[in-house]
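The structure appears below as structure tokens.
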Amino acid sequence: MDYELTLFDRLEVIKTTNEKYDLEHNAYLSFSGGKDSTILHYLLDMALPNNRIPRVFINTGIEYQMIVDFVKGLASKDDRFVILQPSTPIKPMLERVGYPFKSKEHSLRVNQFNKGTNAKYIAKYLGKTDYVGKYMCPKILLYQFEEKGKYNYSNLCCNELKKKPIHKWEKENHISIGITGMRADEGGNRARLGCIITDSKTKKVIRFHPLIKVDDNWEDEFVRKNLIDICDLYKPPYNFKRTGCKGCPYSLDLAHQLEIMEQLLPNERKQCEFIWKPVYEEYRRLNYRLKKVEQMKLLDED
């Protein structure tokens, strides 16, 4: 990916989108404190000097402390930063709406099954139709669809901790376009995203993804050439590739994240074990994403 050509292209995309949708009055940057949103924070300023676009950070209560400190540091020097505090205790919320397990797709299907939904898409997910695709239930997890209500899983965690607070803020501030640092090369559903997302009913623009076409190498060069300060979690000895909610059960490299936390962030590792305990226990029982031997080690430590 040619750095200069891509930089010019992304700056032009931001400029033309601003001209068309008045981002400076109708948009905010969804700021996670991670590498992508930090890069986008500076890229917006390059494209739109002196812009007053709010940078909104949601402190869900399960952000890495180093991320929270990094955002607070930026906010102390830049009044465009808005920090929203969690409005609901995490543990009771998870017990009420359900825990995340494996993926958003899987958690959604378990939740629908528990509610008595017998739609075809559940049968498709369980392999009970002629459909064969990438997103189907692993055989090891089929047992979760044998008894309604036994497994308290759902995809509603992000909705409670992130979507509800940001929608409330959007409504209160009459701002409707969220600018995010999503990138297609992160895979999953993001690979199919476009740069501009519109509401299916109103047809109004609701999301703008300026970084959708860039990759890791381009981001690294942008950081190096512009002397961008990113959160220390992305630097040695941590070397995180992504951050997000710490210990999230959806993470494919969950075991690696927990290993790093065990060595360098032991208190936050313990917090993860407490918050996600029912999911971690099931993962270890199944030897799925987390190993059984690790459970034995933790029991020995206790």
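Tabulated results
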quantity	calculated
MRE, 222 nm, helices only [DSSP H, n ≥ 4, -39500 (n - 2.57), over the chain, to nearest 500]	-13000 deg cm²/dmol
Between 0 and 90°, nearest 10: helix 3-21 axis offset from the chain longest Cα axis	80 degrees
Percent of Cα pairs exceeding the 12 Å cut-off, where the set is region 101-145	57 percent
Crossing angle, helix 277-286 versus the chain [Cα axis fit, 0-90 degrees, rounded to tens]	60 degrees
DSSP bridge pairs, the chain: antiparallel proportion in percent, nearest 5	25 percent
For TYR238, net neighbour charge (Lys/Arg +1, Asp/Glu -1) across residues whose Cβ lies under 14 Å away	0
Where no second cysteine Cβ lies under 4.7 Å, the cysteines concerned in the chain	CYS137, CYS157, CYS158, CYS195, CYS231, CYS272
Charge sum, other residues only, whose C-beta stays under 10 Å from GLN65's C-beta, Lys/Arg counted +1 and Asp/Glu -1	-2
Gyration tensor (alpha-carbon) shape descriptor, the chain, a/c threshold 1.5	prolate
Helix 266-275 vs. the chain, principal-axis angle (Cα, 0 to 90°, nearest 10)	60 degrees
Amide H contacts under 5 Å for LEU29, placed H, 5+ residues apart	ARG55, VAL56, ILE179
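Bear in mind these aren't lab numbers, they're just calculated from the coordinates by the rules spelled out. Just so we're clear, the structure is a prediction, and the values are computed from it rather than from any experiment. Using ideal geometry, Cβ is built from the backbone for each residue, glycine included, and neighbour counts are taken over all protein chains shown.
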